[in-house]
Amino acid sequence: MALLIICWHLLAEHNMPTYIGGSTGIAPSQWTTAGRPSSPQLGQIGWNTTLSQLEVYIGSNTWQFLAGSYSGTYLVVAGGGGGGSGANATGGGGAGGYLTSTYSFTPGTAYTVTVGAGGAGGSTSAGATGSNSVLLSIATSYGGGGGGYGSAAGTTGGSGGGGGAVDPSTTTAAGSGTAGQGYAGYTGTLVGGYGVGGGGGGSSAAATSKNGANGTSNSISGSSVVYAGGGGGGIDTRSGQSAGTGGSGGGGNGGTAQGAAGTAGTANTGGGGGGSAAAGGSGIVIISYAGSQRGTGGTVTSSGGYTIHTFTTSGTYTA
């Protein structure tokens with residue numbers, strides 16, 4: 001009885017409804033984030049209808065959530081690698097690393113989000129490796145490997161860059177991918193007596209000598225989108241062949257060694273850049289969870305009963 005009286009006094013002091021006893025329980029006051037009490041008392045508790053969280057005032061204009069963690073799904077795609085550039089055939093850039101899983105987010109915790117940039121295209125060199133994308137310490141996807149050229153091999157990354165070739169008989173190896181994130185590019189291959197650059201590896205192994213590998217489809221954004229396609233290899237036009245095409249998922253098309261640059265990987269897909277100096281596409285980070293909005297950060301949308309936070313640039317997700 002004494003405990004019941006104390007609880008009643010606490011509720012009355014903080015202007016909270018006093019529904020106590022039987023099967024009624026205790027119903028705290030409710031407010032929106034914008035409508036929180038203007039002069040709260042230490043320990044004041046209420047239900048935040050904006051965030052669907054029970055919160056308590058701990059002083060210094062700070063509210064702390066009392067509810068437990070909640071489950072969300074994340075997608076982390078790194079920047080794609082740049083295509084190689086040289087006098088002969090050049091490799092397409094590898095796709096940025098692709099990671100997706102679930103995680104229990106702790107309310108009130110700030111999670112740093114880093115969105116990796118695409119690697120620059122080569123300048124008579126292998127393309128640059130893309131930059132990593134990171135969701136705090138939860139997930140790190142590695143930037144795609146750069147495409148090779150001439151006597152330089154493709155480089156390792158989330159997915160590996162394609163190899164290059166030098167006429168009439170020399171080819172170079174492709175870069176390898178990272179387990180669980182992507183696959184190797186295709187070794188440089190000779191066609192018609194002249195080099196054809198290997199396509200950059202996507203989220204599956206590159207299937208042909210010059211075309212980039214296809215990426216992976218994911219519906220975390222509310223609609224099906226393909227991410228992490230490999231870049232197509234660049235061609236020496238003396239071979240009489242066409243340049244490689246980029247894989248689905250933002251991979252850029254290859255260009256020619258005789259002056260036609262490849263196309264860049266698509267932004268925010270992690271696509272590899274096409275051979276012949278094209279840059280890789282930037283990465284992306286997406287967080288999704290069931291129900292109404294709980295966290296903040298990124299561009300917030302909703303679809304099919306889920307709240308979605310999309311980061312196309314670096315920022316912070318506060319759960």
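Identify, by number, the condition in (1) at pLDDT 90 or above; (2) hydroxyl-bearing (Ser, Thr, Tyr); (3) within 20 Å of Gln293 (Cα to Cα) that Thr49 doesn't meet.
Failing condition for Thr49: (1).
Residues being surrounded by 14 or more Cβ atoms within 10 Å (Cβ to Cβ) and on the phi < 0 side of the Ramachandran plot: count how many of those fall in the range 38-65.
Let us first name the residues in the range 38-65 that are surrounded by 14 or more Cβ atoms within 10 Å (Cβ to Cβ), namely 40, 44-48, 50-57, 63, 65.
Retained after the next criterion (residues that are on the phi < 0 side of the Ramachandran plot): 40, 44-48, 50-51, 53-57, 63, 65.
Looking only at that region, the number is 15.
Please give the number of the condition Val115 fails out of (1) assigned by TED's automatic domain parsing to the domain that holds Ser248; (2) without any contact (Cβ under 8 Å) to a residue 12 or more places away in the chain.
(2)
From the list Thr310, Thr245, exactly one residue is out of contact with any strand residue (DSSP E or B) (no Cβ under 9 Å at 6 or more places or on another chain) and either within 18 Å of Ser133 (Cβ to Cβ) or surrounded by fewer than 24 Cβ atoms within 10 Å (Cβ to Cβ) (or both). Which is it? Before the answer, list the steps.
Numbers: Thr310 fails: out of contact with any strand residue (DSSP E or B) (no Cβ under 9 Å at 6 or more places or on another chain).
Only one candidate passes the filter, namely Thr245.
Please enumerate the residues belonging to the range 261-275 that are over 13 Å from Thr245 (Cβ atoms) and hydroxyl-bearing (Ser, Thr, Tyr).
Thr266, Thr269
Residues are listed down the side, and each one gets a yes or a no for (1) modelled with pLDDT of 95 or more; (2) among the aliphatic types (A, V, I, L, M):
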site	(1), (2)
Ala260	no, yes
Gly265	yes, no
Asn268	yes, no
Val285	yes, yes
Ser288	yes, no
Gln293	no, no
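So which residues in the range 161-188 are over 17 Å from Gly270 (Cα atoms), hydroxyl-bearing (Ser, Thr, Tyr) and part of a loop (DSSP other than H, G, I, E, B), if there are any at all?
Matches in the range 161-188: Ser169, Thr172, Tyr186, Thr187.
Taking the conditions exactly as written (under 15 Å from Gly84 (Cα atoms) and hydroxyl-bearing (Ser, Thr, Tyr)), does Thr307 satisfy them or not?
No: the conditions fail for Thr307.
Are any residues in the range 217-235 outside any loop (DSSP other than H, G, I, E, B), touching a residue at least 60 places away in the same chain (Cβ under 8 Å) and over 16 Å from Phe311 (Cα atoms), and if so, which ones? Before the answer, list the steps.
As a first pass, look at the range 217-235 and keep what is outside any loop (DSSP other than H, G, I, E, B): 217-218, 225-227, 234-235.
When the remaining residues are screened for being touching a residue at least 60 places away in the same chain (Cβ under 8 Å), the result is 218, 227, 234-235.
If the condition is that a residue be outside any loop (DSSP other than H, G, I, E, B), touching a residue at least 60 places away in the same chain (Cβ under 8 Å) and over 16 Å from Phe311 (Cα atoms), then Gly234, Ile235 are the ones that fit.
Among the residues of the range 253-286, write down those that are among the small types (Gly, Ala, Ser), crowded, with 24+ Cβ neighbours inside 10 Å and farther than 23 Å from Thr100 by Cα. First the steps, then the outcome.
Keep residues of the range 253-286 that are among the small types (Gly, Ala, Ser), which gives 254-255, 257, 259-262, 264-265, 267, 270-283.
Narrowing further to those that are crowded, with 24+ Cβ neighbours inside 10 Å: 254-255, 257, 262, 264-265, 270-283.
Matches in the range 253-286: Gly254, Gly255, Ala257, Gly262, Ala264, Gly274, Gly275, Ser276, Ala277, Ala278, Ala279.
Within the range 31-59, track down each residue that is out of contact with any Pro (no Cβ under 9 Å at 6 or more places or on another chain) and among the aliphatic types (A, V, I, L, M).
Within the range 31-59, Ala34, Leu42, Val56, Ile58 meet the criteria.
The values are calculated or read from the model by the stated rules, or taken from the named source; none is laboratory data. As the structure is a prediction and not an experimental result, all values here were calculated from the model. Glycine gets a Cβ as well: all are built from the backbone with ideal geometry, and neighbour counts include every protein chain shown.
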